[in-house]
Amino acid sequence: MEITTRVRSGQGDFMLFAITPPRRSTPAERLPEIARATIERLDHLDLDGLILYDIDDEASRNPVERPFPFSPTVDPSAYRAEHLRAWRTPAVVYRAVGKYQPDELRRWLAEQDPERTLTVLVGAPSSSATAPVSLAEAQLLRAEVNPGLLLGGVAIPERHSRREDEHLRLIAKQAAGCRFFVSQVVYDLNAAKNLVSDYRYECQARGLSPVPIVFTFSVCGSMKTLEFLRWLGVGVPRWIENDLRHSTNPLGASLEQAQAVAVELIDFCRRLGVPFGLNVESVSIRREEIDASVDLAARLTAYLRA
């Protein structure tokens, strides 16, 4: 059953893999080669879909200097259309709506095939940022020009730990048309479980059916990468940081930790009856981290399908 069918029917148990398109500075002649290598690397995995991120400069969300400099990337939709045509499954294409003019976003939404594309619309990185299109306006545009296009939203377990209202944000996004959610990278298991539980019982209280929550996992091969995750707002418990800092093989330790968290979340969601998906994120340019991400996806897929 394709992911579009699963999401439309409110079912979960699907596996995704997320990538970032190449940097815009990449020579054009190298783009087909990079795409071909990506397909070959992932082809043996039993994936239900790809996620293609739309990277935005998020400096306004955090005054601290970014650990890795921002580098614009190729447009994810154009990269998919021009270089990933051989990929066999549907794709979830992110749109950082603040980057686009209304007519540009309207045109893109209207052109998407609802059987081959899902989208996650992402608002401005901070409330202080001004943008030509707000998230609410982008959601209305989607409903107007392509209502069959499956809409997703972002879920942030760490925000739930701070404010205890992320489950209400999910329900509000659901009312605005979201049929699934994708989380930030999950390291804090308790934060994720609290969000799932509160969302489940708030849906029950309102007579709503929960929609799938896709939990994102990633490996971390260095303290610099960990610092960047924290800069993005990902909550990393101190004991996990200590494990990685003092491990002789931090990448291996990170992989094992991500697998353990994912397995516990799978079992927890199944017990509560909340539909879910899994997403392994690979945004590093380091070959060992890319290989570890593929390994993690293979492990989680095997557990999901067992």
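Remark: the Glu2-Arg41 segment gains 11.9 nm on full extension, using 0.36 nm per residue and subtracting the alpha carbon distance. How would the chain be classified by its alpha-carbon gyration tensor: rounded, prolate or oblate, with rounded meaning a/c under 1.5 and the a/b versus b/c comparison settling the rest? Rounded is the answer for the chain, as its axis ratio a/c remains below 1.5.
Computed on the stretch 207-306, with alpha-carbon pairs under 8 angstrom and 6+ residues apart, the relative contact order is 40 percent.
If R0 equals 25 Å, the separation of the Cβ atoms of Arg305 and Glu256 corresponds to a calculated FRET efficiency of about 0.80. Here the dipole of the chain is about 320 debye; that uses its Cα centre as origin and unit charges on the Cβ of Lys and Arg (positive) and Asp and Glu (negative). Helix-only arithmetic for the chain: the sum of -39500 (n - 2.57) across DSSP H runs with n ≥ 4, divided by the residue total, places the mean residue ellipticity at 222 nm at -14500 deg cm²/dmol.
Just the number, please: percent antiparallel of the DSSP beta bridges in the chain, rounded to the nearest 5. Close to 5 percent. Once the 1.4 Å probe is applied to the protein heavy atoms, the chain comes out at 45 Å² accessible per residue. In the elastic network of the chain, a GNM with C-alpha springs shorter than 10 Å, the most mobile of Ser254, Ser282, Ser197 is Ser197. A straight chain from Ala205 to Gln11 at 0.36 nm per residue would run longer than the Cα-Cα distance by 67.8 nm. For Ala81 and Lys224, a Förster radius of 30 Å and the Cβ-Cβ distance give a FRET efficiency of 0.35, rounded to the nearest 0.05.
Taken one residue at a time, the phi angles of the stretch 274-281 give Karplus couplings (6.51, -1.76, 1.60, θ = phi - 60°) of 9, x, 8, x, 10, 9, 9, 9 Hz. Gly and Pro are set to x. Using θ = phi - 60° in the Karplus curve 6.51 cos²θ - 1.76 cosθ + 1.60, the 3J(HN,Hα) couplings for the stretch 138-150 round to 5, 5, 5, 4, 4, 5, 7, 9, 7, x, x, 6, 5 Hz; x is entered for Gly and Pro. For the stretch 80-138, the share of alpha carbon pairs falling in successive 10 Å distance bins from zero is 20, 48, 25, 6, 0 percent. The largest accessible area among Met1, Met15, Met223 belongs to the first residue in Met1, Met223, Met15, and the rest follow in falling order (1.4 Å probe, all chains).
With no solvent and one point per C-alpha, what does the Debye sum give as log10 I(q)/I(0) for the stretch 159-306 at q = 0.09, 0.13, 0.15, 0.19 Å⁻¹? So the normalised log intensities are -0.29, -0.60, -0.78, -1.16.
Contact order for the chain, expressed relative to its length and based on alpha carbon pairs under 8 Å spaced 6+ residues apart, stands at 21 percent. Between Glu33 and Glu144, the modelled labels are 4.5 nm apart [label points 7 Å from Cα along Cα→Cβ].
Over the stretch 87-181, with a single point scatterer placed on each C-alpha, what log10 of the ratio I(q)/I(0) does the Debye formula yield at q = 0.13, 0.15, 0.21, 0.24 1/Å? The Debye formula, applied to the Cα set alone, gives -0.45, -0.59, -1.08, -1.30.
The dipole here belongs to the stretch 68-192: it is taken about the Cα centre, uses +1 on the Cβ of Lys and Arg and -1 on the Cβ of Asp and Glu, and is about 140 debye. Sequence-ordered 3J(HN,Hα) estimates for the stretch 110-120 from the Karplus curve with 6.51, -1.76 and 1.60 and θ = phi - 60° stand at 5, 7, 6, 7, x, 8, 10, 9, 10, 9, 10 Hz, glycine and proline given as x. Measuring with a 1.4 angstrom probe and ignoring ligands and nucleic acids, Ile34 comes out at about 40 Å² accessible. Measuring nothing but protein heavy atoms, the accessible surface of the chain at 1.4 Å probe radius is 50 percent carbon and sulfur.
The values are calculated or read from the model by the stated rules, or taken from the named source; none is laboratory data. As the structure is a prediction and not an experimental result, all values here were calculated from the model. Here the Cβ is made from the backbone with ideal geometry for all residues, glycine too, and neighbour counts use every protein chain on show. The protein model used for the area step is the full one, side chains on, heavy atoms only, and it has no ligands, DNA or RNA in it. Shrake-Rupley method; radii C 1.70, N 1.55, O 1.52, S 1.80 Å.
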